[in-house]
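J.: The structure's right below; bear with me while I get my questions together.
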Amino acid sequence: MGDKASAHPGAAGRATAADHPASVRNVVLVGHSGSGKTTLVEALALTAGAVNRAGRVEDGGTVSDYDEIEHRQQRSVQLSLVPVEWDGIKVNLLDTPGYADFVGELRAGLRAADAALFVVSASDGVDGSTRMVWEECAAVGMPRAIVVTHLEAARADYEEMTRICAEAFGGDDPDAVLPLYLPLHGPQGPDGHAPVTGLIGLLSQQLFDYSSGERKGSEPGEEQLPEIEEARNRLIEGIIAESEDETLMDRYLGGEQVDVKTLIEDLERAVARGTFFPVLAAAPAVDGARQGLGTIEVLELITRGFPTPLEREAPRVTTVDGKPRELKLCDPSGPLVAEVVKTASDPYVGRVSMVRVFSGTLRPDETVHVSGHGLTDRGHEDHDVDERIGALSAPFGKQQRTLTHAIAGDLACVAKLSRAETGDTLSAKDDPLLMEPWQMPDPLLPLAIQAHSKADEDKLSQGLSRLVAEDPTMRLEQNQNTHQVVLWCLGEAHADVALERLRSRYGVQVDVVPHKVSLRETFANKSAGRGRHVKQSGGHGQYAICEIEVEPLPGGSGIEFVDKVVGGAVPRQFIPSVEKGVRAQAAKGVAAGHPLVDIRVTLRDGKAHSVDSSDAAFQTAGALALREAAADTKIHLLEPVAEVSVLVGDDYVGAVMSDLSGRRGRVLGTEQTSGGRTLIKAEVPEIEIGRYAIDLRSLSHGTARFNRSYARHEPMPPQVAERIREEARDAS
């Protein structure tokens with residue numbers, strides 16, 4: 001499928017560098033938490049290392065770069081890169097977290113990859129979130145294959161799992177999702193379970209026995225041929241249906257024997273086009289063996305069936321001022337265009353950026369232009385700067401092995417990019433460009449925090465800015481109404497990781513406090529008030545009297561101030577003072593300490609003293625008048641209402657709508673969408689959906705999504721408002 005890689009491991013510490021995009025495969029592993037993605041990556045790396053290094057894995061500790069948080073949480077929480085070499089091809093394996101809270105890391109992996117391996121457990125099946133990611137890949141035509149793991153489990157059933165995969169992923173064409181191999185079972189154990197010890201190739205009709213720790217091929221016995229005939233015929237028909245040779249199916253059905261070499265070539269083309277999705281099986285090596293079951297077959301599929309970076313259409317590129325820029329597809333000699341797909345902090349080398357190069361060649365110690373991704377609304381600092389990069393490297397366990405360069409299509413880790421954030425574009429300093437950003441989920445779980453001590457307060461701002469620079473799925477909010485620092489996350493696990501990173505990486509201890517929504521107050525009826533501020537205690541006194549009328553206005557009107565004083569009762573120079581006092585008191589609130597809005601205040605009359613009246617006195621009188629007017633009428637407590645859209649599987653529509661009603665929500669309507677899902681639109685008070693990101697996931701078994709936007713403030717029900725007022729009184 002093109003030129004081979006320049007396989008030069010070089011001196012100790014030097015990583016293999018690819019010299020042509022055709023020598024690179026970028027593969028992301030997708031699957032639910034616990035499906036075995038990380039174990040599969042390690043098994044593939046072990047197999048590739050054993051074969052390419054004369055039977056031993058290179059030193060370097062573990063293959064995957066876990067941090068302490070992953071050890072504590074017992075699951076992956078970040079995207080990791082493991083490059084391996086197979087048959088002269090550099091394979092960049094991108095291991096993604098399976099838990100929904102870390103979908104931002106998954107999206108980054110999808111952006112960096114050209115094909116996807118969907119990892120499913122033979123004992124657990126296919127969950128709803130994995131199906132949703134499959135649909136995302138289908139929408140952009142990403143080539144995919146399925147690897148079944150956990151074959152050693154007592155209730156594992158490979159044949160049944162291939163049927164489930166065809167049903168889950170095949171859509172209208174289940175024959176596009178078919179196994180390439182059948183399991184070869186060993187003798188039954190005392191529990192009646194027959195372990196999988198090898199594979200039977202349906203196209204080659206070869207047995208591949210892994211029971212010795214290395215793959216050994218042999219011919220099947222006569223008694224095994226009938227077992228594979230039905231599955232083989234179905235696979236051949238599925239491949240031929242995707243063949244570019246339109247006469248092949250008629251010839252095959254007419255009895256012609258199709259050459260295996262032709263079938264394999266058609267299979268590889270169909271996989272690369274994203275129209276056929278083979279199912280394979282894999283298991284890690286056991287008892288010190290060099291090769292895990294099925295790992296060679298998976299590596300062969302990746303290197304021979306998955307597309308090269310040359311076959312992927314690059315994301316849209318513009319100049320920094322938005323003008324479209326056409327680039328030659330994946331050209332190592334073209335203008336530099338690379339993207340930061342992940343940012344991490346290393347305690348020894350500082351910030352490390354994982355970069356996918358889409359055009360040109362990235363070299364160490366060169367100066368590049370860093371274009372920001374415009375996420376200032378999420379608390380990110382906008383930036384558009386030149387920076388000199390440090391060393392290029394490829395990870396291997398806890399080590400970073402240096403790279404001499406990274407060509408278009410390859411992935412590398414870049415040191416010393418102090419300003420670059422996840423999602424940023426790297427380009428030539430004299431030709432700055434910007435890539436269209438990938439879609440990132442909105443963080444919808446608020447986490448209100450405050451510094452634990454004065455020492456933490458001094459470090460909090462820098463720690464938070466670094467945190468959101470690494471993870472664009474977080475949003476940092478400094479709420480001016482509630483005076484809270486709010487870190488918006490995707491879920492509880494996401495929030496836990498954020499707090500742990502603040503503590504362990506940046507030395508900042510914070511306390512989590514109850515999240516407040518921005519409540520407001522308004523007058524329910526028309527009212528009047530008199531503000532009298534008269535003090536005489538020797539020397540210069542204070543004298544100001546004003547009379548106002550207050551009436552409610554429609555929502556969103558703010559505060560209007562009207563002057564209707566006649567005869568100079570309040571001197572002209574003090575009328576702005578009254579308004580200033582009224583607005584200052586409105587900002588503080590008149591009932592429960594929330595801003596007063598949507599009123600018209602009319603100044604009708606007042607009195608002044610030629611000596612003792614002053615700006616300060618009339619400000620105080622204005623505030624007193626507003627408080628008196630509030631005391632003589634009912635004050636509505638206004639709460640923010642969000643417009644919520646929930647995309648949920650049809651099986652959960654009733655439960656979701658019932659839950660929304662229980663949150664004082666008003667369902668506005670429903671709309672049927674593709675894939676057996678329904679879009680529910682509703683209006684719900686924000687105070688009722690603080691934890692909705694968590695509750696909806698539980699309610700829908702992780703298959704629903706929602707978004708929210710501010711609609712308006714409206715009066716809170718009296719019983720709820722009274723509870724809020726009581727809480728405010730207790731707090732004071």
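The values are calculated or read from the model by the stated rules, or taken from the named source; none is laboratory data. Because the structure is predicted, anything quoted here is derived from the model rather than measured. Note: ideal-geometry Cβ built from the backbone for every residue, glycine included; neighbour counts use all protein chains shown. When the accessible area is computed, the model is the full protein with side chains, heavy atoms only, and any ligands, DNA or RNA have been set aside. Shrake-Rupley method; radii C 1.70, N 1.55, O 1.52, S 1.80 Å.
J.: Name the residue that is modelled with the lowest pLDDT, counting only residues in region 383-410 that are assigned to a strand (DSSP E or B) and within 23 Å of residue 430 (Cα to Cα).
T.: Of region 383-410, the ones assigned to a strand (DSSP E or B) are 384-388, 392-396, 399-403, 406-407.
Of the ones still in play, those that are also within 23 Å of residue 430 (Cα to Cα) are 384-388, 392, 406-407.
Numbers: 384: 83, 385: 89, 386: 92, 387: 93, 388: 93, 392: 93, 406: 95, 407: 96.
The qualifying residue modelled with the lowest pLDDT is 384.
J.: Scan (1) open to solvent by 10 Å² or more (accessible area, probe 1.4 Å); (2) part of a strand (DSSP E or B) for the single condition residue 448 breaks and write down its number.
T.: Only one criterion in (1) open to solvent by 10 Å² or more (accessible area, probe 1.4 Å); (2) part of a strand (DSSP E or B) is unmet by residue 448, namely (1).
J.: OK, next. Taking into account only those residues within region 564-576 that are open to solvent by 40 Å² or more (accessible area, probe 1.4 Å) and in a helix (DSSP H, G or I), which is nearest to residue 712 (Cα to Cα)?
T.: Here the residue is 576.
J.: For residue 472, state whether it is touching a residue at least 12 places away in the same chain (Cβ under 8 Å) and farther than 23 Å from residue 515 by Cα. Spell out the reasoning first.
T.: Values: touching a residue at least 12 places away in the same chain (Cβ under 8 Å): yes; farther than 23 Å from residue 515 by Cα: no.
For residue 472, the condition - touching a residue at least 12 places away in the same chain (Cβ under 8 Å) and farther than 23 Å from residue 515 by Cα - is not met.
J.: Answer yes or no as to whether residue 634 is open to solvent by 40 Å² or more (accessible area, probe 1.4 Å), within 20 Å of residue 561 (Cα to Cα) and of a type outside the set (Gly, Ala, Ser). So that I can check it myself, show each step before the final result.
T.: Details: open to solvent by 40 Å² or more (accessible area, probe 1.4 Å): yes; within 20 Å of residue 561 (Cα to Cα): no; of a type outside the set (Gly, Ala, Ser): yes.
The answer is no for residue 634.
J.: Take the residues in region 173-194 that are within 14 Å of residue 280 (Cα to Cα) and of a type outside the set (A, V, I, L, M, F, W, C), then tell me which one is farthest from the chain's Cα centre (by Cα). Spell out the reasoning first.
T.: Of region 173-194, the ones within 14 Å of residue 280 (Cα to Cα) are 176-184.
Going one step further and asking which of them are of a type outside the set (A, V, I, L, M, F, W, C), we end up with 179, 181, 183.
Working: 179: 31, 181: 34, 183: 36 Å.
Once the filter is applied, the top-ranked residue is 183.
J.: If you check every pair at least six apart or on different chains, which have Cβ atoms under 8 Å apart with a residue in region 554-572 that is in contact (Cβ under 8 Å) with a residue 60 or more places away in the chain first and a residue that is basic (Lys, Arg) and loosely packed, with under 14 Cβ neighbours inside 10 Å second?
T.: Every condition considered, the pairs that remain are 555/712; 556/712.
J.: Given the residues 628, 683, which is the only one that is part of a strand (DSSP E or B), of a type outside the set (A, V, I, L, M, F, W, C) and surrounded by 16 or more Cβ atoms within 10 Å (Cβ to Cβ)? If you could, list the steps in order and put the result at the bottom.
T.: Details: 628 fails: part of a strand (DSSP E or B).
Just one listed residue meets the conditions, 683.
J.: Would you please name the residue that is farthest from the chain's Cα centre (by Cα), looking only at residues in region 59-103 that are charged (D, E, K, R) and at pLDDT below 55? Lay out the reasoning, then the answer.
T.: We begin by selecting, within region 59-103, every residue charged (D, E, K, R); these are 59, 65, 67-68, 70, 72, 75, 85, 87, 90, 95, 101.
This time we only want the ones that are at pLDDT below 55, so: 59, 65.
Details: 59: 33, 65: 20 Å.
Top of the filtered list is 59.
J.: State the number of residues belonging to region 700-732 that are open to solvent by less than 60 Å² (accessible area, probe 1.4 Å), in a helix (DSSP H, G or I) and either of a type in the set (Gly, Ala, Ser) or at pLDDT 95 or above (or both).
T.: Total meeting the criteria: 2.
J.: Regarding region 437-444, can at least one residue be identified that is closer than 23 Å to residue 111 by Cβ, of a type outside the set (A, V, I, L, M, F, W, C) and open to solvent by 80 Å² or more (accessible area, probe 1.4 Å)? Working first, answer last.
T.: Residues of region 437-444 that are closer than 23 Å to residue 111 by Cβ, as a first pass: 437-444.
Next, from what is left, pick out any that are of a type outside the set (A, V, I, L, M, F, W, C): 437, 439, 441-443.
Narrowing further to those that are open to solvent by 80 Å² or more (accessible area, probe 1.4 Å): 439, 442.
Checking region 437-444: at least one residue is closer than 23 Å to residue 111 by Cβ, of a type outside the set (A, V, I, L, M, F, W, C) and open to solvent by 80 Å² or more (accessible area, probe 1.4 Å).
J.: Please determine, by comparing only the residues of region 528-541 that are in contact (Cβ under 8 Å) with a residue 40 or more places away in the chain and open to solvent by 70 Å² or more (accessible area, probe 1.4 Å), which one is nearest to residue 630 (Cα to Cα).
T.: Looking at the filtered set, the residue picked out is 530.
Yes/no per residue for (1) in contact with a Ser or Thr (Cβ under 9 Å, 6 or more places away or on another chain); (2) outside any loop (DSSP other than H, G, I, E, B); (3) open to solvent by 10 Å² or more (accessible area, probe 1.4 Å); (4) at pLDDT below 95:
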| position | (1), (2), (3), (4) |
| --- | --- |
| 246 | no, no, yes, yes |
| 250 | no, yes, yes, yes |
| 255 | no, no, yes, yes |
| 318 | no, yes, yes, yes |
| 321 | no, no, yes, yes |
| 327 | yes, no, yes, yes |
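Per-residue answers, yes or no, for (1) loosely packed, with under 15 Cβ neighbours inside 10 Å; (2) over 13 Å from residue 531 (Cβ atoms); (3) under 55 Å from the mean Cα position of the chain (by Cα):
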site: 578; (1), (2), (3): no, no, yes
site: 593; (1), (2), (3): yes, yes, yes
site: 599; (1), (2), (3): no, yes, yes
site: 602; (1), (2), (3): no, yes, yes
site: 606; (1), (2), (3): no, no, no
site: 619; (1), (2), (3): no, no, yes
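J.: Given the residues 178, 184, 202, which is the only one that is of a type in the set (A, V, I, L, M, F, W, C), open to solvent by less than 20 Å² (accessible area, probe 1.4 Å) and without any contact (Cβ under 8 Å) to a residue 40 or more places away in the chain? Full working, then the answer.
T.: Details: 178 fails: without any contact (Cβ under 8 Å) to a residue 40 or more places away in the chain; 184 fails: open to solvent by less than 20 Å² (accessible area, probe 1.4 Å).
Every option except 202 fails the conditions.
J.: Moving on. Of all the residues that make up region 651-680, how many are part of a loop (DSSP other than H, G, I, E, B) and over 26 Å from residue 488 (Cα atoms)?
T.: 3
J.: Residue 289 versus (1) assigned to a helix (DSSP H, G or I); (2) open to solvent by 20 Å² or more (accessible area, probe 1.4 Å); (3) touching an Asp or Glu at 6+ places or on another chain (Cβ under 9 Å): which is the lone unmet condition?
T.: (1)
J.: Let me ask you something else. If you go through region 207-244 one residue at a time, how many are small (Gly, Ala, Ser) and open to solvent by less than 40 Å² (accessible area, probe 1.4 Å)? Please lay out each step first, then the result.
T.: From region 207-244, those small (Gly, Ala, Ser) are 211-213, 217-218, 221, 231, 238, 241, 243; that's our starting set.
Those left that are additionally open to solvent by less than 40 Å² (accessible area, probe 1.4 Å): 213, 221, 231, 238, 243.
The number of residues fulfilling the criteria is 5.
J.: Okay, next question. Could you list all residues from region 263-285 that are under 24 Å from residue 199 (Cα atoms) and either among the small types (Gly, Ala, Ser) or free of Cβ contacts under 8 Å to residues at least 12 places away in the same chain (or both)?
T.: Listed by number, the residues that qualify are 265, 270, 272, 281, 282, 283, 285.
J.: Contact list please: Cβ distance under 8 Å, first residue in region 490-503 and under 18 Å from residue 698 (Cα atoms) and touching a residue at least 12 places away in the same chain (Cβ under 8 Å), second residue crowded, with 22+ Cβ neighbours inside 10 Å and polar (S, T, N, Q), pairs at least six apart or on different chains.
T.: 490/473; 494/473
J.: Can you say whether residue 409 is closer than 21 Å to residue 106 by Cα and touching a Cys at 6+ places or on another chain (Cβ under 9 Å), as far as the supplied structure shows? Break it down into steps so the answer makes sense when it comes.
T.: Details: closer than 21 Å to residue 106 by Cα: yes; touching a Cys at 6+ places or on another chain (Cβ under 9 Å): yes.
It is true that residue 409 is closer than 21 Å to residue 106 by Cα and touching a Cys at 6+ places or on another chain (Cβ under 9 Å).
J.: Hey, residue 641 hits all of (1) surrounded by 17 or more Cβ atoms within 10 Å (Cβ to Cβ); (2) out of contact with any Pro (no Cβ under 7 Å at 6 or more places or on another chain); (3) modelled with pLDDT of 95 or more; (4) farther than 30 Å from residue 532 by Cβ but one; which does it fall short on?
T.: Every condition holds for residue 641 apart from (2).
J.: Then there's this: What's the total number of residues in region 297-313 that are of a type outside the set (Ser, Thr, Tyr) and open to solvent by less than 40 Å² (accessible area, probe 1.4 Å)? So that I can check it myself, show each step before the final result.
T.: If we filter region 297-313 for residues that are of a type outside the set (Ser, Thr, Tyr), which is where we start, we get 297-302, 304-307, 309-313.
Then drop every residue that is not open to solvent by less than 40 Å² (accessible area, probe 1.4 Å), which leaves 297-299, 301-302, 305-307, 309.
Final tally of qualifying residues: 9.
J.: Might you check whether a residue that is of a type in the set (A, V, I, L, M, F, W, C), more than 20 Å from the chain's Cα centre (by Cα) and either at pLDDT 95 or above or not in a strand (DSSP E or B) (or both) occurs anywhere in region 471-484?
T.: Restricting attention to region 471-484, the residues satisfying the condition of being of a type in the set (A, V, I, L, M, F, W, C) are 474, 476.
Filter once more, so that each one left must be more than 20 Å from the chain's Cα centre (by Cα): none.
No, because not a single residue in region 471-484 is of a type in the set (A, V, I, L, M, F, W, C), more than 20 Å from the chain's Cα centre (by Cα) and either at pLDDT 95 or above or not in a strand (DSSP E or B) (or both).
J.: Quick one: how many residues across region 187-202 are under 15 Å from residue 227 (Cβ atoms) and part of a loop (DSSP other than H, G, I, E, B)?
T.: Start the filter on region 187-202 by keeping residues that are under 15 Å from residue 227 (Cβ atoms), which leaves 194, 196, 198-202.
Restricting the remaining residues to those that are part of a loop (DSSP other than H, G, I, E, B) gives 194, 202.
Summing the residues that are under 15 Å from residue 227 (Cβ atoms) and part of a loop (DSSP other than H, G, I, E, B) in region 187-202 gives 2.
J.: Given the condition open to solvent by 30 Å² or more (accessible area, probe 1.4 Å), in a loop (DSSP other than H, G, I, E, B) and among the aliphatic types (A, V, I, L, M), answer yes or no: does some residue in region 331-345 qualify?
T.: no
Yes/no matrix, rows are residues, columns are (1) within 26 Å of residue 590 (Cα to Cα); (2) among the hydroxyl-bearing types (Ser, Thr, Tyr):
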residue: 665; (1), (2): no, no
residue: 676; (1), (2): no, no
residue: 695; (1), (2): no, no
residue: 710; (1), (2): yes, yes
residue: 718; (1), (2): yes, no
residue: 729; (1), (2): yes, no
